[in-house]
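**Student:** This structure is in structure tokens; I'll ask about it shortly.
Laboratory data are not the source of any read-out in this text; all were calculated from the coordinates shown. Every value quoted in this text rests on a predicted model; they were computed, and no experiment measured them. Glycine gets a Cβ as well: all are built from the backbone with ideal geometry, and neighbour counts include every protein chain shown.
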Amino acid sequence: MELSPFAGSYLTDPAAVWRDLLNRPEEVHHADDLGMWLITRHEHVRQAFGDPESFGNALTLAPVYEMCPEALAVVMQLDVPATTAAADSPVHTRTRQALRATFANTAPRVSAQYGPIVRRRVDELVDGLVDRKGEVVDLIPEFAALLPLLVVVDILGVPDRDVARIRRWADGQIALIWGQPDPAEQVRLAQGLLEFWHYCQDLVARRVDGDLTGDDFISRALRYRDGDDSVLTPAEVASMAFNLLVAGHETTAGLLAHGLEQALSVPGRWRRMAEEPESVPAFLEESLRFGPAIDGWLRVTLRPVTIGGVTIPAGARCLLVIGAANRDPAMFAHPDNFDPDRRDAKDHLSFGYGPHFCIGAALARLEARIALVRLAETIPGLRLAPGHVSVYKPNVAFRAHRVLPAVINVSSVPRERYDDPPEAVPARAA
Ligand code: HEM
């Protein structure tokens, strides 16, 4: 079969493709167009995530298509050591331990260490939106994608002046690795990726030569290694920064976009955010299940593996189709219904499962909760622009909205008029 993830219905209604895969009698599929095995059932995706002896991570960050030789020549210059997401044991165990020691990853630690940063950045962005009342604003660049980036640069101790280029590099990396750009674009994006890596190396080099007492992630990681390369090398610290700057923002951007779209598309949901903020965590879990920001993640088989009655040979690339697993009727009742109060939504696989489980899950949940509640309280009349339809960027892994235009209406909407879209005005010229 062919998945065709870069065209057609995968870009507008991926759930229809997942449903089709789940309905087929065979349990594991081979996507001839990608040269990959597709694992779609909840039970199997969880099994693959949880079995690092059979499913390795070494190729997780390698392009999903055959890159042109010119782009490949640029990519070959990237001497990024594998850490966490791209590493298998023992490097994974060591680098993950370092990350857990230096990057807050439990709800109480995240709230204490990163809560003030998140609140400050949310306030800044929400105030900016309020200033644009009456306009149609694209919430992707102006809120959903920007907030997580501003938070992660603060955590890493990166200056605000670099935000625009980090955003460009990170978007480029995602398109280069998990998209299908044409050859000229591949070369341009590969050059951007190399610049991005040099930038991260510089961030670390400047700390190594200067003051290490800061509270930022890079200073913490360098203090943690304490000059001992067997604990962590400076290049590994740069590699972690390189990964966190992308993993820390493109993903949470997706959660915010999917959450906003769901909250704004059904009458009453937006008002409930402000009136019952305690309902938001459950709403966010259902958003994660229903529209995962990463809906396919890669593994490579380290030995022949039999799963769902199919034997996958050693050395084969596998796409764990998280989006499909989250809609598996064997796991979730009425999986294609978005139910903000679903009790078992937390069983989704959107943050992975097992030894590589997402380090940033608690941060993403905190950011999204604070952002949605504050937005709903401050802009109670926020509405999707009339005629909006979801279209996603062509990508095998990251399910990113192209746009999410919304009308900034700061006055509250009377309950009985909740269905009526307010008068839209044209977007402000850039
Ligand atoms: C909604 C937001 C997010 C989603 C959906 C998400 C999803 C994922 C997924 C699917 C994995 C792979 C798990 C596996 O391979 O088993 C992962 C790993 C990872 N994520 Fe996230 N992520 C999110 C936010 C974040 C944030 C905010 C950060 C950090 C600032 C982060 C950092 C990482 C890291 C470092 C790993 C690698 C962990 C390892 O290999 O040990 N993620 N994430």
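**Student:** Return the Rg/Rh value of region 278-324, two decimal places, where both radii are evaluated on C-alpha atoms and Rh is the Kirkwood radius.
**Tutor:** When Rh is taken as the Kirkwood radius, the ratio is 1.21.
**Student:** Here is a further query. Only counting other Cβ atoms within 10 Å, I'd like Asp162, Asp295 sorted with the fewest neighbours first.
**Tutor:** Asp162, Asp295
**Student:** Which whole-number percentage describes the relative contact order of region 100-194, with Cα contacts under 8 Å and a sequence gap of 6 or more?
**Tutor:** Reported relative contact order: 20 percent.
**Student:** Further, regarding this structure: Answer with one residue from Val280, Leu245, Phe338: the one whose Cα lies farthest towards the positive end of the charge dipole of the chain, charges on Cβ with Lys, Arg +1 and Asp, Glu -1.
**Tutor:** Working it through, the farthest residue towards the positive pole turns out to be Val280.
**Student:** Okay, moving on. With a/c under 1.5 counting as rounded, go ahead and sort region 160-317 into rounded, prolate or oblate using the C-alpha gyration tensor (a ≥ b ≥ c being the square roots of the eigenvalues; past the cut-off, prolate if a/b is larger than b/c, else oblate).
**Tutor:** Oblate shape, in that a/c is at least 1.5 and b/c is the bigger or equal ratio.
**Student:** Where the centroid of each part is defined by its Cα atoms, how far is region 300-345 from region 149-191 in Å?
**Tutor:** 29
**Student:** Sorted by mean Cβ packing within 10 Å, highest first, what order do the peptides 316-322, 388-394 take?
**Tutor:** 316-322, 388-394
**Student:** If I stretch the segment between Glu43 and Lys393 completely, what's the gain in nm (0.36 nm per residue apart, minus their alpha carbon distance), one decimal?
**Tutor:** 123.2 nm
**Student:** How large is the convex hull of the Cα atoms of region 1-150 per residue, expressed in Å³ as a whole number?
**Tutor:** Once divided by residue count, the hull of region 1-150 is 212 Å³.
**Student:** How far apart, in nm, are two points set 7 Å out from the Cα along the Cα-to-Cβ line at Glu377 and at Glu124?
**Tutor:** 2.0
**Student:** Taking a ≥ b ≥ c as the square roots of the eigenvalues of the Cα gyration tensor of the chain, is the shape rounded (a/c under 1.5), prolate (a/b larger than b/c) or oblate?
**Tutor:** On the way: a/c = 1.57, a/b = 1.15, b/c = 1.36.
Taking the square roots of the gyration eigenvalues as a ≥ b ≥ c, the chain is oblate.
**Student:** When only Cα pairs under 8 Å and 6 or more residues apart are kept, what is the percent relative contact order across region 8-417?
**Tutor:** Relative contact order here is 28 percent.
**Student:** Extending each Cα 7 Å along its Cβ direction at Glu27 and Ala164, get the distance between those two points in nm, one decimal.
**Tutor:** Result: 5.3 nm between the two label points.
**Student:** Compute the convex hull volume of the Cα atoms of region 286-393, divide it by the residue count, and report the result per residue in Å³ as a whole number.
**Tutor:** Value for region 286-393: 153 Å³ per residue.
**Student:** Among Leu22, Thr106, Gly387, flag the residue with its Cα farthest along the positive direction of the charge dipole of the chain, charges on Cβ as +1 for Lys/Arg and -1 for Asp/Glu.
**Tutor:** Result: Thr106, furthest along the dipole toward the positive end.
**Student:** OK, next. Grab the Cα-Cα distance for Ala7 and Ala330, subtract it from 0.36 nm times how many residues apart they are, and report the gain in nm with one decimal.
**Tutor:** That pair, Ala7 and Ala330, stretches by 113.4 nm at full extension.
**Student:** Highest first, please rank the peptides 24-36, 173-185, 235-247 by the mean number of other Cβ atoms sitting within 10 Å of their residues.
**Tutor:** My ranking of the peptides, most packed first, is 235-247, 173-185, 24-36.
**Student:** Across region 351-364, in residue order, what do the Karplus-derived ³J(HN,Hα) couplings come to in whole Hz, using 6.51 cos²θ - 1.76 cosθ + 1.60 with θ = phi - 60° and x for Gly and Pro?
**Tutor:** Once θ is set to phi - 60°, the couplings for region 351-364 become 9, x, 6, x, x, 9, 3, 3, 6, x, 4, 5, 5, 4 Hz.
**Student:** Moving on to the next point. Distance in nm between label sites at Leu59 and Arg272, each 7 Å beyond Cα in the beta-carbon direction?
**Tutor:** Going by the 7 Å Cα→Cβ label model, 4.3 nm.
**Student:** Then there's this: Considering only C-alpha atoms, what is the centroid distance from region 358-399 to region 254-286, in Å?
**Tutor:** Region 358-399 and region 254-286 have Cα centres spaced 9 Å from each other.
**Student:** Indicate the gyration tensor shape class of region 61-195 (rounded, prolate or oblate), computed on the Cα atoms with a ≥ b ≥ c the square roots of the eigenvalues: a/c under 1.5 is rounded; otherwise a/b larger than b/c is prolate and the rest oblate.
**Tutor:** Oblate is the answer for region 61-195, as a/c is 1.5 or above yet b/c matches or exceeds a/b.
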